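Notes for the one structure printed next.
Just so it is clear, none of the values below were taken in a lab; they were calculated from the coordinates. Just so we're clear, the structure is a prediction, and the values are computed from it rather than from any experiment. We place every Cβ from the backbone using ideal geometry, glycine too, and count neighbours over all the protein chains shown.
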Amino acid sequence: MTNTRRKLFVAAQWLFAAIIIWSAVRALNGQWRLAADRLTTLKIGWSWVGLATLIVFLTYMLLIETWRRVIIASGETLSFRAAARIWFVSNLGKYVPGKVWSIAAMTVMARGESVSPMTAAGSSILIQLVTIAAGIGVVLVAGAQVVDQPLLATAVLIIVIACVAAAPRLLPAAARMAASVTGKDIQISKIEARTVWAAALRSVISWIAYGVAFQFFVRGIIGPTAGAVTSYIAVYAASYIIGFLALFAPGGAVVRESALVTGMVRLGLSGRADALAVAIASRLWLTLLELLPGLFFLAVRKPVSRQIQ
């Protein structure tokens, strides 16, 4: 991709992101005062929030191990501690507009652990694609009761499963596309199908765990709640994926909150005021859970001797 085409592509993404964020802000306009009034009356159940936090951190560990296993399947060696450091620190890049900064930071840090930067970047792309595909599948299954077009949803689910099955063949092309957009040399080593399926299974488990944690968090913020756990799983996964796909919204800010409010109200999990309060509180909560580990690893000096798995 030439420099001119790359600049046009980036400009188009910025425009698309601006439209999405403007639409989300407009949808929420005038409702923040309602949320603020509700926030002042909250009595937080810290035990529920603490349990939700524990589940989220355990899910982080699962995702880190999933990425590490893909690295190992590519013929590299990486300890869990080193993988956690790279994962948490590079994850700070998601709060910078654009989704390439995390991958860029990951490649640089991987080189310091004697891991091929191309392998690190390629495996990250693999995990992101598989995780998003798994998340879409989870949303379709967990939110089946509110899907207006069941036949279309079934077709999409079949396509998602087919894409995961074809991932070992499709990912090299995805890597070349990412390389053309970022201008970086990104390659994905040949990955066995069982490694991809294992990553997909762990991703499904992680989405379910996130949804359960979200339900506990909501319980801690606004008290006893209505709705099945599957509804919380569907709402959380859908809002996170929508925020992730808003490429130039740092951390999916505003976009994810708008989707979260809409989903909670539609599935009858809460009224709009409570949903807005949960959206604001969850943004603060998840941001802290993502930032603090990364900042911790930045503050702690990296061990001199490299750990071997």
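Taking other C-beta atoms within 10 angstrom as a stand-in for reagent exposure, E257, E113 fall in the order E113, E257, fewest first.
Here the extension length gained between A193 and L62 equals 45.2 nm, from 0.36 nm per residue of separation less the Cα-Cα distance.
Each residue, I158 and T287, gets one label point 7 Å from its Cα in the Cβ direction; the gap between the two is 4.3 nm. Reported to the nearest whole Å, the Cα centre-to-centre distance from the stretch 222-248 to the stretch 80-95 is 24.
Put a dot 7 Å past the Cα of A166, heading toward its Cβ, do the same for R266, and the two dots end up 2.7 nm apart.
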